[in-house]
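Q: Before I ask anything, here is the structure I am working with.
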Amino acid sequence: MAYEQIIYDVKDGIATITLNRPEKLNAFTGTMMAEMIDAFDKIDADDDVKCVIVTGAGRAFCAGADLSAGAKTFDYDKRSDRPDHGSGQGGLTYEMEEARDGGGRLTLRIFECLKPVIAAVNGAAVGVGSTMQLPMDIRIASDSARFGFVFARRGIVPEAASSFFLPRVVGINQALEWCYTGRVFDAQEALNGGLVKQVVPGGELLAVANALAREIADNTAPVSVALTRQMLWRGLGFQHPMDAHKIDSRAILARGRSGDAKEGVTSFLEKRTPAYPDKVSANMPDFFPWWDEQKYG
């Protein structure tokens with residue numbers, strides 16, 4: 001796929017996705033959704049990629065949905081420009097694939113990613129600009145970043161599976177306040193509320209994000225990180241610690257037999273940088289994915 005609304009770059013094991021509609025403050029479109037999903041497909045298939053950074057071009061991260069369609073922006077029945085529903089003749093029902101929320105398609109793909117994802121929030125991140133970050137693992141904001149779960153102020157509701165992700169990231173009380181008020185808030189409030197890990201000067205943002213990605217890429221076993229990411233995210237839905245214990249035990253047994261485990265111990269004892277042999281594309285353990293009976297469609 002040739003990209004029109006994102007820039008995709010891989011360098012030294014780190015993939016960077018840059019939302020690239022700066023003249024529109026990187027407003028989200030169906031095209032951007034499809035391109036980002038395609039980029040995450042490439043990321044999972046590329047063993048050279050160890051970590052992902054998502055950021056925006058220009059002065060915004062993503063200012064939310066593109067509102068240029070006016071009053072029919074969120075009325076999918078009346079939209080002829082959605083990539084999966086070109087007729088614009090109406091008739092959508094709840095059960096139809098075409099009725100699925102585009103932000104949710106993206107966040108579910110990010111949730112399933114096998115590589116760690118860092119959001120480098122360089123400016124305004126409103127609506128889907130905020131919710132697309134929630135399944136990313138670490139969020140770092142510039143001091144000029146702004147956030148907003150503004151849906152109630154637009155007559156709609158939180159999307160992109162944020163009713164699942166937001167309370168898990170910041171707690172139910174904070175999630176409700178931000179969604180009820182729909183206000184736009186600054187990076188310091190995002191930090192205080194647990195939405196972001198760190199606030200840094202704008203000129204340092206990408207350097208800080210890259211340093212963190214570099215630490216992951218240079219020191220950790222990719223298969224272990226892929227398993228860890230899914231274990232922790234999916235563990236949020238476990239009903240009893242025994243559920244986690246079962247997965248932990250399978251993972252320790254499988255990983256303990258691996259070349260990665262041997263290399264991890266040997267490199268530590270020899271005081272050298274590890275060179276892990278296993279690949280995410282070829283060496284995931286046989287019990288993965290353990291949740292395959294669940295359907296997200």
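The values are calculated or read from the model by the stated rules, or taken from the named source; none is laboratory data. Small disclaimer: the values here were computed from a predicted structure and weren't measured. Please note: Cβ atoms are built from the backbone with ideal geometry, for glycine as well, and neighbour counts cover all protein chains shown.
Q: Considering each of Gly264, Gly203, Gly259 in turn, give the residue that is modelled with pLDDT of 95 or more and in the same structural domain as Ala57 (by TED's automatic domain parsing).
A: Working: Gly264 fails: in the same structural domain as Ala57 (by TED's automatic domain parsing); Gly259 fails: in the same structural domain as Ala57 (by TED's automatic domain parsing).
The conditions single out Gly203.
Q: List the pairs whose first member sits in segment 126-143 and is charged (D, E, K, R), whose second member is in a loop (DSSP other than H, G, I, E, B), and whose Cβ atoms are under 9 Å apart, counting only residues at least 6 apart or on separate chains?
A: Asp137/Pro116; Arg139/Gln133; Arg139/Leu195; Arg139/Val196; Arg139/Lys197; Asp143/Pro201
Q: Moving on. Take the conditions in contact with a Gly (Cβ under 6 Å, 6 or more places away or on another chain), closer than 24 Å to Ala63 by Cα and either in the same structural domain as Asp278 (by TED's automatic domain parsing) or at pLDDT 95 or above (or both) and apply them to Ala160. Does it pass? Give the steps one after another, and end with the answer.
A: Values: in contact with a Gly (Cβ under 6 Å, 6 or more places away or on another chain): yes; closer than 24 Å to Ala63 by Cα: yes; either in the same structural domain as Asp278 (by TED's automatic domain parsing) or at pLDDT 95 or above (or both): yes.
It is true that Ala160 is in contact with a Gly (Cβ under 6 Å, 6 or more places away or on another chain), closer than 24 Å to Ala63 by Cα and either in the same structural domain as Asp278 (by TED's automatic domain parsing) or at pLDDT 95 or above (or both).
Q: Search segment 220-236 for residues that are within 15 Å of Leu253 (Cβ to Cβ) and pair each with any residue that is of a type in the set (S, T, N, Q) and surrounded by fewer than 17 Cβ atoms within 10 Å (Cβ to Cβ) when their beta-carbon atoms are under 9 Å apart and the residues are at least 6 apart or on different chains.
A: Final answer for the pair search is none.
Q: Suppose we filter segment 252-270 for residues that are exposed (fewer than 15 other Cβ atoms within 10 Å of the Cβ) and among the small types (Gly, Ala, Ser); how many remain? Break it down into steps so the answer makes sense when it comes.
A: First, pick out the residues of segment 252-270 that are exposed (fewer than 15 other Cβ atoms within 10 Å of the Cβ): 252-253, 256-257, 259, 262, 265-266, 268-270.
Then drop every residue that is not among the small types (Gly, Ala, Ser), which leaves 256, 259.
Going through segment 252-270 one residue at a time, the tally reaches 2.
Q: Say we look at segment 13-65 and pick out the residues that are touching a Gly at 6+ places or on another chain (Cβ under 8 Å) and assigned to a helix (DSSP H, G or I); which of these is surrounded by the most Cβ atoms within 10 Å (Cβ to Cβ)?
A: Once the filter is applied, the top-ranked residue is Met33.
Q: Answer yes or no as to whether Asn210 is among the polar types (S, T, N, Q) and without any contact (Cβ under 8 Å) to a residue 40 or more places away in the chain.
A: No: the conditions fail for Asn210.
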